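The values are calculated or read from the model by the stated rules, or taken from the named source; none is laboratory data. Predicted, not measured: the structure shown is a model, and the values here were computed from it. For neighbour counting, all protein chains shown are included, and Cβ atoms are generated from backbone atoms with ideal geometry for every residue, glycine included. Side chains included, ligands, DNA and RNA excluded: accessible areas come from the protein's heavy atoms. Shrake-Rupley method; radii C 1.70, N 1.55, O 1.52, S 1.80 Å.
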Amino acid sequence: MAYEPTPEQKFTFGLWTVGNTGSDPFGSSVREKLSPAEIVRLLGEVGAYGVNYHDNDLIPIDATPAERDSILKDFRQALQETGLVVPMATTNLFGDPIFKDGAFTANDPKVRKYALQKTMLNMDLGAELGAKVYVFWGGREGTESDATKSALDSLKHFRESLNFLCEYNRSQGYGYKFALEAKPNEPRGDIYLPTTGAMLGFIETLDYPDMVGVNPEMAHEHMAGLNFMHAVAQAWDAGKLFHIDLNDQNYARFDQDWRFGMQNLKQTFFLVKLLEDVGYEGSRHFDAHAFRTEDYEGVKDFARGCMRSYMIFKEKAERFNKDAEIQGLLAEITKSDPEMEKFDGEFTSEKAEALKAYSFDRKNIAARGLGYEKLDQLTNELLMGIR
Ligand code: GLT
Ligand code: MN
Ligand code: MN
């Protein structure tokens, strides 16, 4: 198997991912900074489909109009040369000191309005570049001390901001889908709406819930100790999986943003299997970066590795779905019970009475072994490459 990326798989990377220079809170950059156009060429070389960006990955916050024009010209030219597209845009609402207390939830009304202005301006640019998904990651939307900010006012401010931006999206005819990305903490002590599940609940309180979905990130749910695939399944079930951030991460650690498939092989397998089984058609976006030990050859290895792992897991998922022994066990586990069918379907009082009167052989039902050990071992053996 060649495992060559194809456009249909929509593998995308952010400018900030392969462009990450390796600085961390304890050390400075280890790689020279590349220009956006150079990053696009690197992504073209490894076979990516698209590149996503924050306003200030592309155009520094203090750029003059002339600098802006020149950067955009080079960026557009690199896109044309490589054939890469820009499916997603987002706003950096966390890097500049003005956002030290958050953006849409900052206590200072000027900061909140500046965040709206900055987002609208980049929605204009994203639309020009062809983006159809707009991500909101509220990295600074939170607190260190709850003495400093009202959690209820913050929800209200966040809601009002999103409602305003949904109206702006409509008024401009941009057709963006908004995708909210949760993270439990870092850089704030606590970030509001810390999980994908919390975001899904919040979306239903907005004026245009249909316009808004989620962008779940594997590392972020793992930081919260959660099962990422379950969060993605819930988002899919709600019709809200507008985008996805693929990477890897040890549980309950700082934000590691490792190469997709690097660490939690089995979790990653079940995630890819879910995305492929349901027929997810959005971007498969890698929000990760190479180890700090790497030069740009290592960064290419990293990017190729993300895509290869996805394709390998996809092949494993197909194998799982075709494996006669595994499928036989699954059929046995999930088989229907004709005797119970009379209780299925719509509620009626008669059904409820009949169910209350039915006599279940509780001990006998409980005594049956389910064979899950065998099924799980077969799954592991398939992943370990001997099936
Ligand atoms: C930042 C963060 C990511 C978000 C990006 C979008 S930026 O790198 O760690 O999880 O997806 O704002
Ligand atoms: Mn992310
Ligand atoms: Mn992350």
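Scanning region 210-220 for residues that are open to solvent by less than 30 Å² (accessible area, probe 1.4 Å) and within 22 Å of Lys177 (Cα to Cα) turns up Val212, Gly213, Val214, Asn215, Pro216, Glu217, Met218, His220. Search region 52-67 for residues being acidic (Asp, Glu) and without any contact (Cβ under 8 Å) to a residue 60 or more places away in the chain, and hand back the single one that is farthest from ligand 3 (Cβ to nearest atom). Among residues in region 52-67 that are acidic (Asp, Glu) and without any contact (Cβ under 8 Å) to a residue 60 or more places away in the chain, the one farthest from ligand 3 (Cβ to nearest atom) is Glu67. Scanning region 133-179 for residues that are of a type outside the set (Phe, Trp, Tyr), within 16 Å of ligand 1 (Cβ to nearest atom) and at pLDDT 95 or above yields a count of 11. Taking the criterion of being under 19 Å from Asn185 (Cβ atoms), in contact with a Phe, Trp or Tyr (Cβ under 9 Å, 6 or more places away or on another chain) and either within 16 Å of ligand 2 (Cβ to nearest atom) or among the hydroxyl-bearing types (Ser, Thr, Tyr) (or both), the residues of region 199-223 that qualify are Val214, Asn215, Pro216, Glu217, Met218, Ala219, His220, Glu221, His222, Met223.
Counting only residues that are more than 15 Å from ligand 3 (Cβ to nearest atom) and open to solvent by 40 Å² or more (accessible area, probe 1.4 Å), region 134-167 holds 15 of them.
Quick check on Lys177: is it open to solvent by 60 Å² or more (accessible area, probe 1.4 Å), basic (Lys, Arg) and closer than 26 Å to Leu125 by Cβ? It is true that Lys177 is open to solvent by 60 Å² or more (accessible area, probe 1.4 Å), basic (Lys, Arg) and closer than 26 Å to Leu125 by Cβ. Taking the conditions exactly as written (within 26 Å of Val86 (Cα to Cα), open to solvent by less than 40 Å² (accessible area, probe 1.4 Å) and either modelled with pLDDT under 95 or away from ligand 2 (no atom under 16 Å from the Cβ) (or both)), does Leu241 satisfy them or not? Against the criterion (within 26 Å of Val86 (Cα to Cα), open to solvent by less than 40 Å² (accessible area, probe 1.4 Å) and either modelled with pLDDT under 95 or away from ligand 2 (no atom under 16 Å from the Cβ) (or both)), Leu241 does not qualify.
Conditions tested, residue by residue: (1) within 21 Å of the chain's Cα centre (by Cα); (2) free of Cβ contacts under 8 Å to residues at least 24 places away in the same chain.
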{"residue": "Gly44", "(1), (2)": "no, no"}
{"residue": "Asp69", "(1), (2)": "no, yes"}
{"residue": "Leu79", "(1), (2)": "no, no"}
{"residue": "Leu84", "(1), (2)": "yes, no"}
{"residue": "Thr90", "(1), (2)": "yes, no"}
{"residue": "Leu93", "(1), (2)": "yes, no"}
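Only helices (runs of 4 or more DSSP H) whose full extent lies in region 150-248 are considered here, and the ones with at least 2 residues that are aliphatic (A, V, I, L, M) and touching a Pro at 6+ places or on another chain (Cβ under 9 Å) are 196-203, 228-237. How many of the residues making up region 345-380 are in a helix (DSSP H, G or I), among the basic types (Lys, Arg) and open to solvent by 100 Å² or more (accessible area, probe 1.4 Å)? Number satisfying all stated conditions: 4.
If you check Tyr280 against the conditions, is it modelled with pLDDT of 95 or more, open to solvent by less than 90 Å² (accessible area, probe 1.4 Å), closer than 24 Å to Trp236 by Cβ and hydroxyl-bearing (Ser, Thr, Tyr)? So Tyr280 fits the description; yes. Pairing each residue of region 286-297 that is open to solvent by less than 90 Å² (accessible area, probe 1.4 Å) and modelled with pLDDT of 95 or more with any residue that is of a type in the set (D, E, K, R) and within 15 Å of ligand 3 (Cβ to nearest atom), provided the two are 6+ apart or on different chains, yields C-beta distances under 7 Å for Asp287/Glu217; Asp287/Asp245; Asp287/Asp257; Ala288/Asp257; Ala288/Arg259; His289/Asp257.
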